[in-house]
Amino acid sequence: MNNIVTQRFVKCIKQLKEDGTIRSMRQFALEVSYLPQSLSEILKERRDVTIELLRKSVERYKMNPVYIYTGEGPLFMTEEGHKNFRVLTVVTSASDDEKIVHVPAPAHAGYASQLNNPVFIQDLPSFSLPDYKYKVGTHRSFDVAGDGMEPTLFEGDKVVCSFLEPTLWETAIKDNFVYVIVTQADVLIKRVFNHLKEDKQLEIYADNTFYSAYRIGLGDIREIWYVRAKISPFLPSPQNISNLIKEEMLTMKKVMGEQSRMIQEMQTMMSSMNDRM
């Protein structure tokens, strides 16, 4: 068994049996409409748990997806947590590996309003990355739109993110880190300061100082994704950077020259006026 998620899943099943919630592993398999022989292969460390089996186990036995995917929190959800839990729509490959769903800029508004529509999510483009950290948990990528996060992120960049379970928002959101905040109407890629515990709000900052900070209430937030990496379509060479700096310096020199000329003209005009007086 290579998958840590599978190990946590098996631990949950064994706990169910110890607690007397299930009489046998066969009963568990039948309750979630899974072949007992296939479940036996998982328990014997010969195969990994599937996304569909996890989904059914969460719904039927209240297994805590936060624990299963991150190792944090209790093995099982409370009644209240289970009632508020919403299963994310995921896209899998032919080998049942979860893929990264990409949300392009034109689909941002649609994504915010269609979160509960599996057809919309499944119609979005999807891809895979070789790094193991993208094989565990649910990930999305989003296009960066606008200049709000310059110079950290530029329009056309893509950010790759991991899903942050709502039960962890209050404690896991780190100040001054970049997150994707999905609201009722839009997708925001911003730097965040966490005030959920005291004010039930997030403070949103843009790296571009032209834009002012503002706050979003907890009730307006639908999803939060932690930005783990960016994919940029443009990588400037040192020569290009040098040319950009030279161009900026020439522009500044020109502006300063124009300002100096205007000051001299104003001084000449004032001297002329004084002479007349």
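Taking interchain pairs and intrachain pairs at least six residues apart, which have beta carbon atoms under 8 angstrom, with the first residue in the stretch 204-225 and assigned by TED's automatic domain parsing to the domain that holds residue 146 and the second exposed (fewer than 14 other Cβ atoms within 10 Å of the Cβ) and hydrophobic (A, V, I, L, M, F, W, C)? Once the first residue is assigned by TED's automatic domain parsing to the domain that holds residue 146 and sits in the stretch 204-225, its partners that are exposed (fewer than 14 other Cβ atoms within 10 Å of the Cβ) and hydrophobic (A, V, I, L, M, F, W, C) give 204/213; 205/213; 206/213. The set of residues from the stretch 138-151 being of a type in the set (Gly, Ala, Ser) and either part of a strand (DSSP E or B) or farther than 22 Å from residue 123 by Cβ (or both) comprises 141, 146, 148.
Looking only at the stretch 62-73, residues that are part of a helix (DSSP H, G or I) and in contact with a Ser or Thr (Cβ under 7 Å, 6 or more places away or on another chain) come to 1 in all.
Against the test of being outside the structural domain of residue 183 (by TED's automatic domain parsing), free of Cβ contacts under 8 Å to residues at least 24 places away in the same chain, under 30 Å from residue 126 (Cα atoms) and part of a helix (DSSP H, G or I), the options 38, 57, 95, 33 yield a single qualifying residue, 38. In the stretch 90-132, the qualifying residues are those that are within 15 Å of residue 182 (Cα to Cα) and hydroxyl-bearing (Ser, Thr, Tyr), and the one that is modelled with the lowest pLDDT is 113. Pull up the stretch 200-216, narrow it to residues that are in contact with a helix residue (DSSP H, G or I) (Cβ under 9 Å, 6 or more places away or on another chain) and not basic (Lys, Arg), then point me to the one that is surrounded by the most Cβ atoms within 10 Å (Cβ to Cβ). Taking the candidates together, the pick is 202. The condition of being in contact with a Gly (Cβ under 9 Å, 6 or more places away or on another chain) and at pLDDT below 90 holds for only one of 155, 165, 80, 59, that being 165.
Scanning the stretch 122-133 for residues that are closer than 11 Å to residue 102 by Cβ and of a type outside the set (Gly, Ala, Ser) yields 124, 125, 127.
The values are calculated or read from the model by the stated rules, or taken from the named source; none is laboratory data. In this text, all values refer to a predicted model and were calculated from it rather than measured experimentally. Every residue, glycine among them, receives a Cβ derived from its backbone with ideal geometry; neighbour counts consider all protein chains shown.
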